[in-house]
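Some notes on the structure that comes next.
Each value in this text was obtained by applying a stated rule to the coordinates, not by laboratory testing. The shown structure was predicted, so the numbers you read here are calculated from the model rather than taken from an experiment. Neighbour counts run over all protein chains shown; Cβ positions are idealised from the backbone, glycine included.
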Amino acid sequence: MKIAMYAGSFDPITNGHLDILKRGIKLFDKVYICVANNPNKKYLFNIEERVDLVKESVKNYNNVEVVFTEDLTIKKAKELNVNALIRGLRAVTDFEFEFQLASSYHFIDKNIEMVFLMSSLEYSFISSSTVKEFAQKHVDVSTLVPLCVAKALQEKYKK
């Protein structure tokens, strides 16, 4: 069985993330979507909120399971017997970070492959940061995120 993990902070999950996930599902028998929590990072949504939003966003996918970690995602991947980590690339600027991450993860475990999927053109500009900035300025982000996320953002940024 080919098992992958798609990890990120997902603060919040976007339609760009879901596009990468949908395409990853076609390549693997099972995909864990791992909500990572770095205690040194400031989040809009806490870990429980992010996990709940991700679960709601992927509830119709049969071969997807949502997990979370406060440790290195490569360690969680090893724990779950993952064969590959899925990473999305939006632009050339993402490549440098992802290359460094892949190299460091390879140092920890040479048996877990990194699979890079290019963002679909219509999602190439979407980032969680952009979505939060737009929502904070009361721009309608309902076409950029799942409905549950749009509602949660609206709630967070009430006037």
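Which entries of Lys41/Lys110; Lys78/Lys151; Lys110/Lys156 show an alpha-carbon separation above 32 angstrom in the structure shown?
Lys78/Lys151; Lys110/Lys156
Once you list every other residue whose beta carbon is under 14 Å from the beta carbon of Leu53, what net charge do they have if Lys and Arg are +1 and Asp and Glu are -1?
Here the charged neighbours net out to 0.
State whether the chain is rounded, prolate or oblate according to the following rule on the C-alpha gyration tensor (a ≥ b ≥ c being the square roots of its eigenvalues): a/c under 1.5 gives rounded; otherwise a/b larger than b/c gives prolate, and the remaining case gives oblate.
Verdict is prolate for the chain.
Extension gain Glu155-Lys110, at 0.36 nm per residue separation less the Cα-Cα distance, in nm?
11.9 nm
Does region 95-159 classify as rounded, prolate or oblate by the C-alpha gyration tensor (a ≥ b ≥ c root eigenvalues; a/c under 1.5 gives rounded; else a/b over b/c gives prolate, otherwise oblate)?
Taking the square roots of the gyration eigenvalues as a ≥ b ≥ c, region 95-159 is prolate.
Computed FRET efficiency, Cβ-Cβ of Asp71 and Glu122, R0 25 Å: what is it to the nearest 0.05?
Once the sixth-power term is evaluated, E becomes 0.15.
Within region 5-43, name every residue whose backbone N is under 14 Å away from a label modeled 7 Å from Cα of Lys137 along the Cβ vector.
none
How much length would be gained if the chain were fully extended between Lys55 and Met1, taking 0.36 nm per residue of separation minus their Cα-Cα distance, in nm to one decimal?
Length gained, Lys55 through Met1: 17.2 nm.
Can you pull out the GluC sites (Glu not before Pro) in region 63-148 that DSSP calls coil and that have at most 14 other Cβ atoms within 10 Å?
Glu70
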